[in-house]
Amino acid sequence: MIFENNGLEIMPTDAYHLTDVSGNETYTCVEFSYDSGKSVGWMMIDLTTYEPTVYSTYKQSPFYEYKDSTIIYSGGFDYAIVQPDGETALDGLREEIVPIEDVQSDARAGAKVLTLSEREVKLAELS
């Protein structure tokens, strides 16, 4: 997708899962470099469809410094970083700490993650 849209050959450098509000791993964030490692970018892959949803070819992901934390992702730039106390979260849109209940109401709760064979079929359809 990035090669087709931008002509860039990328090298993945890191990947980590993000969850929906129920704790299901529903997205993967893939970080990458290009231009012989001089430039960085990232892409979100929706694990319910195995399709890319958003990407950037000019900066690190907004989750870069939180990738070892639990990240609740609701699409676009709507995300929350669960704090160590487990009762609060950093709201990415409001950029403030909120009670965990404030981020636990989203239509993606309970979304079905594709099995490996379903993903292979989806990849075949995309190529």
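The values are calculated or read from the model by the stated rules, or taken from the named source; none is laboratory data. Given the structure is predicted, the values throughout are model-derived calculations rather than measurements. Quick reminder, even Gly has a Cβ in these numbers, built from the backbone with ideal geometry, and neighbours come from all protein chains shown. Side chains are part of the model used for accessible areas, which takes the heavy atoms of the whole protein and leaves out ligands, DNA and RNA. Shrake-Rupley method; radii C 1.70, N 1.55, O 1.52, S 1.80 Å.
Listed here are the residues, each with its yes/no results for (1) modelled with pLDDT under 85; (2) of a type in the set (Ser, Thr, Tyr).
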| site | (1), (2) |
| --- | --- |
| 61 | no, yes |
| 75 | yes, no |
| 81 | no, no |
| 84 | no, no |
| 87 | no, no |
| 91 | no, no |
| 94 | yes, no |
- For the range 78-105, enumerate the residues that are closer than 14 Å to residue 20 by Cα and not in a strand (DSSP E or B). 78, 100, 101, 102, 103, 104, 105
- Note on the structure: Selection from the range 1-18 of residues surrounded by 14 or more Cβ atoms within 10 Å (Cβ to Cβ) and at pLDDT below 80 yields 2, 8
- Task: Could you look through the range 6-41, keep only residues that are aromatic (Phe, Trp, Tyr) and in contact (Cβ under 8 Å) with a residue 40 or more places away in the chain, and pick out the one that is nearest to residue 52 (Cα to Cα)?
- Result: 27
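Hand me the list of strands (runs of 3 or more DSSP E) wholly inside the range 1-72 holding 3 or more residues that are under 20 Å from residue 83 (Cα atoms) and of a type outside the set (S, T, N, Q).
Where strands (runs of 3 or more DSSP E) fall fully within the range 1-72 and carry at least 3 residues being under 20 Å from residue 83 (Cα atoms) and of a type outside the set (S, T, N, Q), they are 11-19, 25-34.
Looking at 40, 21, 54, which one is of a type in the set (A, V, I, L, M, F, W, C) and at pLDDT 90 or above?
Step by step, each of 40, 21, 54 is checked, and only 40 is of a type in the set (A, V, I, L, M, F, W, C) and at pLDDT 90 or above.
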- Task: Give 97, 71, 81 a once-over and let me know the one that is farther than 27 Å from residue 117 by Cα and open to solvent by less than 20 Å² (accessible area, probe 1.4 Å).
- Result: 81
- Query: Tally time: how many residues in the range 33-66 are among the charged types (D, E, K, R) and open to solvent by less than 60 Å² (accessible area, probe 1.4 Å)?
  - Reply: 1
